[in-house]
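Since the structure comes first, as structure tokens, the remarks are kept for the end.
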Amino acid sequence: MFGLLEMTLKQEGERTVLGALRQAAPLRVIRPFYPEGAGPAHFYLLNTTAGILEGDQVEISLQLEKGTHAVVTTPAATRVHSMPSGEASQRTTLSVGPGAILEYLSEPVLPYAGAAFHQKTDITLEEGAILFYVDLLGPGRLGRGESFAYRFYENQLRITDGEGVLVQERFRLSPSEHPLGETGVMEGFSHLGTLYLFCQEPVLKALLEKFQSIENPHLLWGVTLLSRRGLAVRALAHDTPTLQDFFLTFGAFFERRSWGDPFPLFEGTSCNGARRSANGSRNGIVDHLE
């Protein structure tokens, strides 16, 4: 099956709205909602089937015009089913216009036993664009004992701006060929998370210092400044909520430093695609950052 979702976002007054939409099953998008009033537009991207099946080709394209602000997420994990002989793929293209802000936080990819999945993401940042991008990978269906039972998972990411390449990476995990528990791969952990932040240079230095000051015994992680505009974080954990809490509660500090947001990102509840109330409870990471 070929799934398609193309969205263009534009600014109308103080709101970001949907300017153009083209979609083909099984992909769908729920109309934008505004839990912060005239703030950013929130979108859920849906796969209306049971997940990714053998032979599926999925393409997602999102373009943010100048000055827009969107929070984009998925309501559930991307389940990649068993593929005895074939493969499946998903390509995501994100274009963040001048002064636009994109917070892209999808639920994890879960490759089931026998799955073979290619994932490719291309992101373009214009002048003054701000990006908060989270990518998560789980081991499979743990309830059925399917930990690292997939054939392969391949992930390719490229982020560019007007001056050239900011990030370019590609990795392939093949558990049957190279056990993932080995040193230098998953290090005994089951879940992998990646976070890329792009914002103003002074903010990046403050973010790096805060990340370096965090101590979390449930994670193995590292952080580094990129050559220009951005910061990269990669973390290993034993479950998805630990990664989400680590990345998303830190997003509260990211927002306050980046654009003075009075409603910190996802503060006080689980990751569910809607921002957390400013009156919500705070966990230890946010307390530490402040």
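The values are calculated or read from the model by the stated rules, or taken from the named source; none is laboratory data. Keep in mind that what you see is a predicted model, and the values were worked out from it rather than measured. Here Cβ is always computed from backbone atoms with ideal geometry, including for glycine, and neighbour counts include all displayed protein chains.
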Take the residues of the range 39-55 that are aliphatic (A, V, I, L, M) and farther than 15 Å from THR92 by Cα: which is surrounded by the fewest Cβ atoms within 10 Å (Cβ to Cβ)?
-> ALA50
Taking the range 29-38 as the region of interest, how many residues are outside any loop (DSSP other than H, G, I, E, B) and surrounded by 15 or more Cβ atoms within 10 Å (Cβ to Cβ)?
-> 1
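Listed here are the residues, each with its yes/no results for (1) among the polar types (S, T, N, Q); (2) over 20 Å from the mean Cα position of the chain (by Cα); (3) farther than 20 Å from GLU169 by Cα; (4) not in a loop (DSSP other than H, G, I, E, B).
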residue	(1), (2), (3), (4)
MET83	no, yes, yes, no
THR92	yes, no, no, yes
TYR104	no, no, no, yes
LYS120	no, no, no, yes
ARG158	no, no, no, yes
Scan (1) within 19 Å of LEU62 (Cα to Cα); (2) in contact with a Leu (Cβ under 8 Å, 6 or more places away or on another chain); (3) crowded, with 19+ Cβ neighbours inside 10 Å; (4) at pLDDT 95 or above for the single condition VAL109 breaks and write down its number.
-> (1)
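Does THR183 satisfy the condition of being of a type in the set (Ser, Thr, Tyr), surrounded by fewer than 20 Cβ atoms within 10 Å (Cβ to Cβ), at pLDDT 95 or above and not in a helix (DSSP H, G or I)?
Judged against the criteria, THR183 is not a match.
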Which one of these does LEU110 not meet: (1) farther than 18 Å from LEU5 by Cα; (2) aliphatic (A, V, I, L, M); (3) assigned to a strand (DSSP E or B); (4) over 20 Å from the mean Cα position of the chain (by Cα)?
-> (4)
Are any residues in the range 9-28 crowded, with 17+ Cβ neighbours inside 10 Å and out of contact with any Pro (no Cβ under 8 Å at 6 or more places or on another chain), and if so, which ones?
-> LEU9, LYS10, GLN11, PRO26, LEU27
Restricting attention to the range 56-81, which residues are assigned to a loop (DSSP other than H, G, I, E, B) and surrounded by 22 or more Cβ atoms within 10 Å (Cβ to Cβ)?
-> ASP56, THR68
State yes or no: is PRO139 under 20 Å from VAL185 (Cβ atoms) and in contact with a helix residue (DSSP H, G or I) (Cβ under 6 Å, 6 or more places away or on another chain)?
-> no
Restricting attention to the range 1-43, the residues that are touching a residue at least 60 places away in the same chain (Cβ under 8 Å) and under 18 Å from GLN63 (Cβ atoms) number exactly 3
Taking the range 122-156 and keeping residues outside any loop (DSSP other than H, G, I, E, B) and of a type in the set (A, V, I, L, M) leaves ILE123, LEU125, ILE130, LEU131, VAL134, LEU136, LEU137, LEU142
